[in-house]
Amino acid sequence: MAREPNQRGRRDRDEAPEFADRLVAINRVSKTVKGGKRFGFAALVVVGDQKGRVGFGKGKAKEVPEAIRKATEQAKRQMIRVQLREGRTLHHDMEGRHGAGKVVMRTAPEGTGIIAGGPMRAVFEMLGVKDVVSKSIGSQNPYNMIRATMDGLRKEQSPRSVAQRRGKKVADILPKREDAVDTSAQVAEEA
């Protein structure tokens, strides 16, 4: 049963260019054999839709393009969804750990930009975060940094999910802005 050229199957929909990918690291390894050296390549890729979904994957092959292709496919299978505040930053500050890698991620006001190094920057760009301040503490290994970043992002909770779990309203969970204005006015009056 042949398909018509204009019909798109499930596989074609999955391959739609909705995901952007970023090559984070490529590593060449060699194996010495009787006839000389055999080279292999390992690639680390981050994939995201820049609207709150991100994943990472690693692939190994004898050729660089094949390693990148394998890593990209694995990244698409392992994507997670992260709730963003106003579609630009994180809801709250958090830490992530993996092995000796530790990362700290903090929310940031509009216009801050992505303040992050190397592999963490790739994750935030593919996720669609526009404002974030982050710091990597410990391991500088890109694999551990990305895993620690993903660990922290998995811990994030939106006010809606917290309110639902506690059986409250979102307004009860979030700090009240009127109270903050009132207390600052009281401090000014006392001074």
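Taken together, the values in this text are just the output of simple stated rules run on the coordinates, not laboratory data. These figures come from a predicted structure and were not determined experimentally. As a convention, Cβ positions derive from the backbone with ideal geometry for all residues, glycine included, and neighbour counts pool all protein chains shown.
Observations on the model:
- Selected from S161, G117, Q78, residue furthest toward positive end of dipole (the range 10-165; charges at beta carbon): Q78
- Ratio Rg/Rh, restricted to the range 68-148 and using Cα atoms, in which Rh is the Kirkwood radius: 0.97
- Sorting the Cα pairs of the range 37-92 by distance into bins of 10 Å, from 0 upward, gives 26, 36, 23, 11, 3, 0 percent per bin.
- Radius 13 Å from Cβ of R97, net charge of other residues (Lys, Arg +1; Asp, Glu -1): +2
- R0 of 25 Å, Cβ-Cβ distance V33-Q140: FRET efficiency to nearest 0.05: 0.20
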